[in-house]
Amino acid sequence: VRMNTAIFRGGNVQNVISIDPLAVENTEIIMGPGSVIYGSDAVGGVMNFYTLEPHFTHSSSTEASGRAYARYATANNEKTAHADVTLAGQRWAWVSSLSYSDFDDLRMGGHGPEEYLRREYALTKDRTDQIVTNEDPKVQKPTGYNQVSILEKFRFQPNNYWNLRASFLYSTTSDYPRYDRLYRKKDGVLRAAEWYYGPQEWLMGSLQAHYKGAASWFDEARVVTAYQFFKESRHNRDFQDNWLYHNEEKVNAWSANTDFKKKMGLHSLYYGLEYVHNQVGSQGIEENIASTQERLGMPRYPDGATWESIAAYANFQWTLSPTLLMQTGARYNLISLTASFDDPQYDYPFEDADMQTGALTGSAGLVWKQQPYLKWRLNVSTAFRAPNVDDVGKIFDSAPGMVVVPNPSLKPEYAYNGELGVQLKIEDVVSIDLVGYYTYLEDALVRRDFSVKGREYIDYQGERSRVQAIQNAAQARVYGLEAGAQFTLSNQLELSTQINLTKGEEELDNGDTAPLRHAAPLFGNVHLTWTNKKLSIDLSAEYNAEISYDDLAPSEQEKSYLYAIDANGNPYAPEWYTLNLHSNYQLTDSWLISIALENITDQRYRTYSSGIAAAGRNFILALQYRF
């Protein structure tokens, strides 16, 4: 079930927190374009989350099993509790899961850039805004929130051919602060008195039917239908301003997938159809906190906008020889988007957006097992991202003094990708992977300066702001290397390491090139793991390289409040590292205790392009009971 909706924005999104990690059985990360199978947005990769699965029992009686889990962490005074229970018979099974987490304000590390410290914050008392000195500048006030997640899944197998599933997931948060907007300043004074998201709600119900049996056109067939409801809101008020701006968004998302598999000797054919329909509701309210007066405000998106996708795909896997495997695939997508801008709050030279577009993508890959210890893989593929309602129709302040407005003339961006990888595996002692890739983006969707009715500046929420819009840039390139190695030093000791190098650049309007915003810095990790029957210990290091001011994307250079400041007074992303120690001890067959000490040297750092500093030294204690 596709989680991306019509209002998912490009770049960093917080929606993934709706997925309860304690209700996830397996996670799959697919590197590179995945549009043939997954459609729009799968340009750089795909994240697949598989939730807890109820399994049948071989016994004639009903069996019960379950887990209780509790966790505490010091960096944000985290308190997490989780429980799941499974009841299983020979033909039916059911699992129920509940998780609750409460997080206080996050404490950063003690050694690092002074710019990240939170020395003061805004506080409203008796409807009066005031600046308060933070007693501990390492505590990021306010960043705390809480969250609850529920999973219910039922599985029924009436015979050996059919397998039926019904799933229900629900997640909601408390209000949670937009921390990076709360420490921005204007003329030396904090800009915002309030900036927070309302509860992020996500509900998903799905029905799945899986058939396995010989037929003319398939050996396996699966149909998945799903309904999702998303709700989020934004609330902000400038310091010593009476007007509080509210924006609320709701998305109703329906989807249906049919997938088939046919085995033909040594070869396999996979094919299917997909339909997705999203409807967006959006409203804006302006509230005077002094008089309680309310008036209509600017909605973030055009209310009633729709995004629709219809697609068909086929993927063929050829076993050319015992050592050579080839896979080819193609997908055709029809995308439709409609939005109306006739609301009196809008003042644009257009009244609607009506986008109808098609996209054809394909892929081909080879896996060659040259030797028992040496394997090569080569992939070429295309991918696309169709503009959604967030790209075409949103209005919001992207940075101080800048406002993004709708642009109904967008068209899809396309990616052309090549990848070459090699794996060397010497028995069970040494395993080395190396992959190089290059992606060319055509008509890349990026934010650029714009104008409305010839005006380059407009008033937005009381501030004169430079007009920008999402536009199709000429081109962009992303390329890099990924490498990993694993060494078995003994029956109990293992050393592993990974490193990633990514570079990206985009063409500017004047023909020059500039760094691409979402290209990550060099990063990697090293793990030394020791295990025996009951105890496992993992000593690890995580690291990121520096991104200098000259290597920051122009849009990031304008956000000095997010970054540290170099010797020349320019923003940059410093390098950082952490040392970490994790351990698990199996007390009994039922009880497991986990103890961890993360960021042992108490480093103060921010991951690239983040508005919040990561946790400082963090002691974690978790206890799990299974029955």
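The values are calculated or read from the model by the stated rules, or taken from the named source; none is laboratory data. What you are looking at is a predicted structure, and each value in this text was computed from that prediction instead of being measured. Because the Cβ atoms are built from the backbone with ideal geometry, glycine has one as well, and the counts that use them run over all protein chains shown. These area figures cover heavy atoms from the full protein model, side chains too; ligands, DNA and RNA do not enter into them. Shrake-Rupley method; radii C 1.70, N 1.55, O 1.52, S 1.80 Å.
Per-structure values
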read-out: Over the chain: helical MRE at 222 nm, DSSP H runs n ≥ 4 each giving -39500 (n - 2.57), nearest 500; value: -500 deg cm²/dmol
read-out: Per residue convex hull volume, Cα atoms of segment 173-243, in Å³; value: 137 Å³
read-out: Within segment 443-497: Cβ-based charge dipole about Cα centre, in debye rounded to nearest 20 (Lys, Arg +1; Asp, Glu -1); value: 380 debye
read-out: 30 Å Cα-Cα threshold exceeded, pairs from LYS153/LYS262; LYS186/LYS250; LYS141/LYS186; LYS186/LYS394; LYS369/LYS534; LYS138/LYS231; value: LYS186/LYS250; LYS369/LYS534; LYS138/LYS231
read-out: Charge dipole of the chain about the Cα centre (unit charges at C-beta), most positive-ward option of ASN163, GLY569, PRO515; value: ASN163
read-out: Pairwise label distance in nanometres, ALA483 with ASP136, each label 7 Å out on the Cα-Cβ vector; value: 4.1 nm
read-out: Spacing of the two label points (7 Å from each Cα toward its C-beta) at VAL430 and PHE350, in nm; value: 5.8 nm
read-out: Listed residue (ILE432, ASN491, GLY454) projecting farthest to the positive dipole end of the chain, Cβ model; value: ASN491
read-out: Per residue value of the accessible surface for segment 1-51 (all protein chains in place, 1.4 Å probe), Å²; value: 45 Å²
read-out: Net length gained if the chain between LYS503 and TYR577 were fully extended (0.36 nm per residue, minus Cα distance); value: 24.6 nm
read-out: For segment 430-481, the spread of Cα positions along each principal axis, largest first, Å; value: 62, 23, 8
read-out: Kirkwood hydrodynamic radius (C-alpha pairs) into Stokes-Einstein, the chain, 10 °C and 1.306 mPa s, D in µm²/s; value: 58 µm²/s
read-out: Calculated FRET value between ALA215 and ILE289, using beta carbons and R₀ = 56 Å, to 0.05; value: 0.30
read-out: Fraction of accessible area attributable to carbon and sulfur, segment 289-446 (%, probe 1.4 Å); value: 58 percent
read-out: Calculated Rg and Dmax of segment 558-611 using C-alpha coordinates, Å; value: 18.3, 59
read-out: Evaluated at q = 0.12, 0.20, 0.21 Å⁻¹: base-10 log I(q)/I(0), Debye formula over Cα of segment 526-587; value: -0.50, -0.75, -0.79
read-out: Segment 176-255-segment 331-406 distance, computed between alpha-carbon centres (Å); value: 18 Å
read-out: Whole-number Å³ per residue for the convex hull built on Cα positions in segment 485-627; value: 148 Å³
read-out: Which of MET326, ALA290, ASN236, positive extreme of dipole for segment 198-338 (C-beta unit charges); value: MET326
read-out: At 1.306 mPa s and 10 °C, Stokes D of segment 345-397 from Kirkwood alpha-carbon radius, µm² per second; value: 100 µm²/s
read-out: Total formal charge among the other residues, if their Cβ is under 11 angstrom from that of PRO412, Lys/Arg +1 and Asp/Glu -1; value: -3
read-out: Electrostatic dipole magnitude of the chain [Cβ: Lys, Arg +1; Asp, Glu -1; Cα centre; debye, to 20]; value: 1740 debye
read-out: Alpha-carbon radius of gyration plus Dmax, which is the widest Cα pair, for segment 84-215 in Å; value: 23.9, 73
read-out: Segments 393-406, 564-577, 486-499 sorted - mean Cβ within 10 Å per residue, highest first; value: 393-406, 564-577, 486-499
read-out: Segment 63-143 - Rg over Rh from alpha carbon coordinates, Kirkwood radius; value: 1.29
read-out: Percent breakdown of C-alpha pair distances by 10 Å bin, ordered from the shortest bin, for segment 1-129; value: 9, 23, 25, 27, 11, 4, 1
read-out: Cα centroid of segment 35-77 to Cα centroid of segment 554-627, whole Å; value: 24 Å
